[in-house]
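Single-structure report; data block below.
The values are calculated or read from the model by the stated rules, or taken from the named source; none is laboratory data. Bear in mind the structure is a predicted one, so any value in this text is a computation, not a measurement. Here the Cβ positions follow ideal geometry from the backbone for every residue, glycine too, while neighbour counts run over all protein chains shown. Calculation scope for accessible area: heavy atoms of the full protein, side chains included, ligands and nucleic acids excluded. Shrake-Rupley method; radii C 1.70, N 1.55, O 1.52, S 1.80 Å.
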Amino acid sequence: MTEVAGHLLGRGHPCFIVAEIGLNHNGDMALARSMIEIAADCGADSVKFQNYHTEDFISDRSLVYSYVSRGHEVTEPQYDMFKRCELTRKQLSDLKEHADRCGVIFHSTPTSEEGIKDLVEIGVPLLKNGSDYLVHLPLIRAMARTGLPTVLSTGMATLSEIDAAVRAFRETGGRDLILLHCTSSYPTPPEDVNLRRIPALADVFGCTVGFSDHTWGMVAAVGAVTLGACWIEKHFTLDRSSPGPDHRFSSDPDEFKTLVKAVREIEMCLGTSSVHPTRSEAAGRLAFRLSCVAARPLPTGHAIGIQDVAFRRPGTGLPPAAIDWLVGHTLRRSIETGHVLSPEDFT
C-alpha cells in the first residue's frame, strides 16, 4: 500500500481533511488556482474538484434548481448551472499540477469512465464517487478496476444501496475503500446529521468511514472525528457572498483554518483507550491524593486505632486503603499531629 493510501485509509495517520471546491470556482481558473493555494495554507490535506460533462447526467434542460445566493433565492436551469463550472481535460491537468506545487493532494469526482481515465492519466492518487452516483454501479466497477483508493459518498442512500455499491467495488477487485457518511441537504440541519451512522457503517461494511459535511460551521465535523471519522470533507469558498449554489454554507478561509486546528486538537484529546495515569498527572498523584496522617500527637509504643488516623494531602505516604493494615501496629517513635505515616514509623 502506498503512503498516500495508508493516510487516506486512516491507518496510523491523522484524519484526512478535504477542501471541497466543487462548483465554488464558478468556472474561473484564476479563482480555482487561488482557492487551491489558500486551502493549502489553511492546512487542507487535499482539494477536491468535479470533472464532468454536463450531458453525462442532464438531458432535460427544463430541469431547474433553486438555491439562496447573496441573500436572494435563485432559480435557474440545472444545465446552465453545471455547464458554467465544467472543467476541460487541460484545465483539470493544470489544476492538478498547481496543487502539486502547493503541496496539497488533488482529486476529483468523475461522472463517466472517460472522466476516470482523465484522472488516472493526470496522476491522481484516489477517486471520489458522489452521492448522486452511488447507484451507478458500472461507474463504481470502473473505479475499482483502476486499483486506486476510492471514496463512496452515501448521501440519500438506503443500507441496501450502500451494500450493492460496496459489493460492486469489492467484487471487481477494489480493495482500498472509504465510505463517507453524508446528508445530501444544503445546508444540513443538525437533526439530520446523524453522526452515529459513522461507527455503524464501519461495523457493517468493515472499512474506514469519513464524513462529508454540509452543515453550517464546524461542530459536526469535529464531532465526527470523535466517532472515528478518518476523513472530513467540507465545502470551501473564499467568500460566502460569491454567486453560486454552495458558497453560503461553505467554510471560508478563517473558518476552515479553525476547523483544521480543532480537528488536530481533538485528535490529540482522543489519545489512547489504555487506562493509566498520564505524564501530566504524575505530579498530581502526589500533590492531590490523600495519605494516612496522625490525627493527634501519638507517643512511642502506641498501638494505632482507627481514631488516630486522618486522611490528608499530599499523597506521599500510606494511602487511605492502608488503614486496615495500620490499625494495631505499634509506633517506634512519637509523632505529631499531621505527620504523614509510613511503614518506617512502626515496629
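Filter segment 170-186 down to the residues that are under 15 Å from SER131 (Cβ atoms) and in contact with a strand residue (DSSP E or B) (Cβ under 9 Å, 6 or more places away or on another chain), then identify the one that is most open to solvent (accessible area, probe 1.4 Å). Filtering segment 170-186 for residues that are under 15 Å from SER131 (Cβ atoms) and in contact with a strand residue (DSSP E or B) (Cβ under 9 Å, 6 or more places away or on another chain), the one most open to solvent (accessible area, probe 1.4 Å) comes out as TYR186. So in segment 38-87, with the set limited to residues that are part of a helix (DSSP H, G or I) and in contact with a strand residue (DSSP E or B) (Cβ under 8 Å, 6 or more places away or on another chain), which one is farthest from ASP254 (Cα to Cα)? Restricting to residues being part of a helix (DSSP H, G or I) and in contact with a strand residue (DSSP E or B) (Cβ under 8 Å, 6 or more places away or on another chain), the top hit is GLN78. If only residues of segment 302-326 that are open to solvent by 50 Å² or more (accessible area, probe 1.4 Å) and over 30 Å from ALA282 (Cβ atoms) are counted, the one that is farthest from the chain's Cα centre (by Cα) is ALA303.
Of everything listed in (1) more than 26 Å from the chain's Cα centre (by Cα); (2) at pLDDT below 95; (3) surrounded by fewer than 17 Cβ atoms within 10 Å (Cβ to Cβ), the single unmet condition for GLY244 is (3). Applying the condition of being out of contact with any Gly (no Cβ under 9 Å at 6 or more places or on another chain) and modelled with pLDDT of 95 or more to segment 248-262 and asking which residue is most open to solvent (accessible area, probe 1.4 Å) yields ASP254.
For segment 187-218, how many residues meet the condition of being part of a helix (DSSP H, G or I) and in contact (Cβ under 8 Å) with a residue 12 or more places away in the chain?
Here is the first cut: in segment 187-218, the residues part of a helix (DSSP H, G or I) are 190-192, 197-205.
After this cut, where a residue has to be in contact (Cβ under 8 Å) with a residue 12 or more places away in the chain as well, the list is 190, 197-199, 201-202, 204-205.
Counting residues in segment 187-218 that are part of a helix (DSSP H, G or I) and in contact (Cβ under 8 Å) with a residue 12 or more places away in the chain gives 8.
One residue is enough: does segment 34-41 have a residue meeting the conditions in contact with a Phe, Trp or Tyr (Cβ under 7 Å, 6 or more places away or on another chain) and within 20 Å of PRO149 (Cα to Cα)? No; the residues of segment 34-41 include none that is in contact with a Phe, Trp or Tyr (Cβ under 7 Å, 6 or more places away or on another chain) and within 20 Å of PRO149 (Cα to Cα).
Scan segment 162-186 residue by residue and report those that are part of a loop (DSSP other than H, G, I, E, B) and aromatic (Phe, Trp, Tyr).
So the first thing to find is which residues in segment 162-186 are part of a loop (DSSP other than H, G, I, E, B), and the list is 172-176, 183-186.
Listed by number, the list holds a single entry, TYR186.
Across segment 96-126, which residue is surrounded by the most Cβ atoms within 10 Å (Cβ to Cβ) among those that are out of contact with any strand residue (DSSP E or B) (no Cβ under 6 Å at 6 or more places or on another chain) and among the basic types (Lys, Arg)? Checking each candidate, the answer is LYS117.
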